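Report on the structure given below.
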2 protein chains.
Amino acid sequence: MAGRDSNGAGPPAVVLVGPQLGENIGAVARAMGNFALADLRLVSPRDPWPNPKAWHTAAAAGSVLDAARLYDDSEAAIADLGFVLAATARRRDMVKPALTPREAAAALHAARMRGAGTGILFGCERTGLDNADAVRADALVMVPTDAACSSLNLAQAVLVIAYEWFQAGPEADKATVSRKGSKPAEKAEIAAFFAHLEAELDACGFLHPPEKRPAMVRSIRNIFSRTGLTDQEVRTLRGIVAGLAAGRPD
Amino acid sequence: MAGRDSNGAGPPAVVLVGPQLGENIGAVARAMGNFALADLRLVSPRDPWPNPKAWHTAAAAGSVLDAARLYDDSEAAIADLGFVLAATARRRDMVKPALTPREAAAALHAARMRGAGTGILFGCERTGLDNADAVRADALVMVPTDAACSSLNLAQAVLVIAYEWFQAGPEADKATVSRKGSKPAEKAEIAAFFAHLEAELDACGFLHPPEKRPAMVRSIRNIFSRTGLTDQEVRTLRGIVAGLAAGRPD
């Protein structure tokens, strides 16, 4: 998954620099798995690796952890990559473009299509990336958040950026929410339903007086025209009208 | 924060139906705080509420938990809202539009600008929303994910949807399509219409046999939940039901 394919280089690597808790590494793996990222790189995790707590929170994304690679420093972790972003919660005192996640997704796809290996650096849970790591990146990526509550946890920062990457790419098409097959009612079926309903409403006196009838009919048709009824639903509605009009069975 | 302001109704409510773990409720609050959502509603949480574990994971978003409201069922929790989405991980056997988070964000902003209170229903961690809850919503929202690892945890589903809502910002308001001169029906008005309709359908025998009643009720509610009914339209529908049930005047 992380290798080159016919559409350019593989999906971006997620590089965690100095992550502290195994649970968080697992949650990052899960977020990656949700959005078809597979290349996890760990730079000097605080606790010994492999860490069983990570597999627990990774849920179905254990394979991302199985394939994770360990590095001593961030320089080594990104040595094979051609385009790298640094995720950061704050503006840095450095002259680098700061991208939104959506802009970052576009930039990552563009780099990938040029054949560049890509990656995103994330700092440790408590302090984020230090400047020495951020400066290695081609650009920063910042998730815009509400100023009153701006801190995203590590897995959530990964999630938002991975989400945008996935939405921007061809993978999203495959997963695209499909609209399930149920046949839309034909106009003739809907017209027959209206005729049936209006005949019953005439019979029970609901559409009186005659001068108001056209406007009332229009409002009623409007309610049902807006709904995109299926053929089954039209049959249900006709059953309701017939049932109500026939009155109580006793 | 949840009330109407000069730009229409407040930001969407997040409605958790049957959440299990306090930690997850806290993580949801944090995700809400990150993206300026403040109206958290809890429907029958499994563990006693308030739950100290929630405040621990909420980090800086404790105020979201302080203001959270408790409800016995989802119907009560959304009674004052005019436009409700149901977050779901899978296609349902019901004919409702399924929106991506980006489409959902635009729809929520548009509803808000019409003056409708809005909300998003999320099911419990293990099983998601059941159909009886999902059917109350105007549309579904599904996060497209990789098929091999499609399960998002609760807070992450909230995060992605809240993120898109926040990104859509005030620009999405321009897309508003208003229906002049009438306001969206509140869920309580629609619930009263359903109660009225179903009572009449019980009386005339339409909902027999009893074992088929739940599925029939679901299909019927679904027809009307999809339409974005105005308060005037709900009055018209109630008039139709009363008129048909009263039978021919002669």
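The values are calculated or read from the model by the stated rules, or taken from the named source; none is laboratory data. All figures in this text were calculated on a predicted structure; none of them were measured in a lab. Positions of Cβ are backbone-derived with ideal geometry, glycine not excepted, and every protein chain shown enters the neighbour counts. Ligands, DNA and RNA are stripped out before the accessible areas are found, and what is left, the full protein with its side chains, is counted by its heavy atoms. Shrake-Rupley method; radii C 1.70, N 1.55, O 1.52, S 1.80 Å.
Would you be able to tell me the number of residues in segment B:38-48 that are in contact with a helix residue (DSSP H, G or I) (Cβ under 8 Å, 6 or more places away or on another chain) and at pLDDT 95 or above? Give the derivation first.
Filtering segment B:38-48 for residues in contact with a helix residue (DSSP H, G or I) (Cβ under 8 Å, 6 or more places away or on another chain) gives B:38, B:40-43, B:45, B:47.
Subsequent filtering for residues that are at pLDDT 95 or above retains B:38, B:40-43, B:45.
Residues flagged as in contact with a helix residue (DSSP H, G or I) (Cβ under 8 Å, 6 or more places away or on another chain) and at pLDDT 95 or above within segment B:38-48 amount to 6.
When segment B:7-38 is examined, which residues are found to be within 14 Å of another protein chain (Cβ to nearest Cβ), polar (S, T, N, Q) and in contact with a strand residue (DSSP E or B) (Cβ under 9 Å, 6 or more places away or on another chain)?
B:Asn24
Given the structure, is A:Gly119 touching a residue at least 60 places away in the same chain (Cβ under 8 Å) and loosely packed, with under 13 Cβ neighbours inside 10 Å?
So A:Gly119 does not fit the description; no.
Within segment B:178-189, identify whether any single residue is at pLDDT 90 or above, more than 10 Å from chain A (Cβ to nearest Cβ) and open to solvent by less than 20 Å² (accessible area, probe 1.4 Å), and answer yes or no.
no
Which residues, taken from segment A:133-152, are open to solvent by 60 Å² or more (accessible area, probe 1.4 Å) and either within 20 Å of A:Gln20 (Cβ to Cβ) or in contact (Cβ under 8 Å) with a residue 60 or more places away in the chain (or both)?
Those that are open to solvent by 60 Å² or more (accessible area, probe 1.4 Å) and either within 20 Å of A:Gln20 (Cβ to Cβ) or in contact (Cβ under 8 Å) with a residue 60 or more places away in the chain (or both): A:Arg136, A:Ser150, A:Ser151.
So A:Thr127 passes all but one of these: (1) of a type outside the set (A, V, I, L, M); (2) touching a helix residue (DSSP H, G or I) at 6+ places or on another chain (Cβ under 8 Å); (3) over 28 Å from B:Ala168 (Cβ atoms); (4) without any contact (Cβ under 8 Å) to a residue 40 or more places away in the chain. Which condition number does it fail?
It is condition (2) that A:Thr127 fails.
Does segment B:55-73 hold any residues that are in contact (Cβ under 8 Å) with a residue 24 or more places away in the chain and within 28 Å of B:Ala168 (Cα to Cα), and which are they? Walk me through it before giving the result.
Step one: list which residues in segment B:55-73 are in contact (Cβ under 8 Å) with a residue 24 or more places away in the chain, which gives B:55-65, B:67-73.
Hits for segment B:55-73 are B:Thr57, B:Ala58, B:Ala59, B:Ala60, B:Ala61, B:Gly62, B:Ser63, B:Val64, B:Leu65, B:Ala67, B:Ala68, B:Arg69.
Any residue in segment B:201-213 that is more than 7 Å from chain A (Cβ to nearest Cβ) sitting within a Cβ distance under 6 Å of a residue that is open to solvent by 40 Å² or more (accessible area, probe 1.4 Å)? List the pairs, counting only those 6 or more apart or interchain.
Close Cβ pairs satisfying both conditions: B:Leu207/B:Arg213; B:Leu207/B:Met216.
Tell me yes or no: at least one residue of segment B:100-114 is at pLDDT 90 or above, within 24 Å of B:Pro45 (Cα to Cα) and within 9 Å of another protein chain (Cβ to nearest Cβ).
no
Please specify each residue of segment B:214-226 satisfying the condition of being within 7 Å of chain A (Cβ to nearest Cβ) and either surrounded by fewer than 20 Cβ atoms within 10 Å (Cβ to Cβ) or part of a helix (DSSP H, G or I) (or both).
Listed by number, the residues that qualify are B:Ser219, B:Ile220, B:Ile223.
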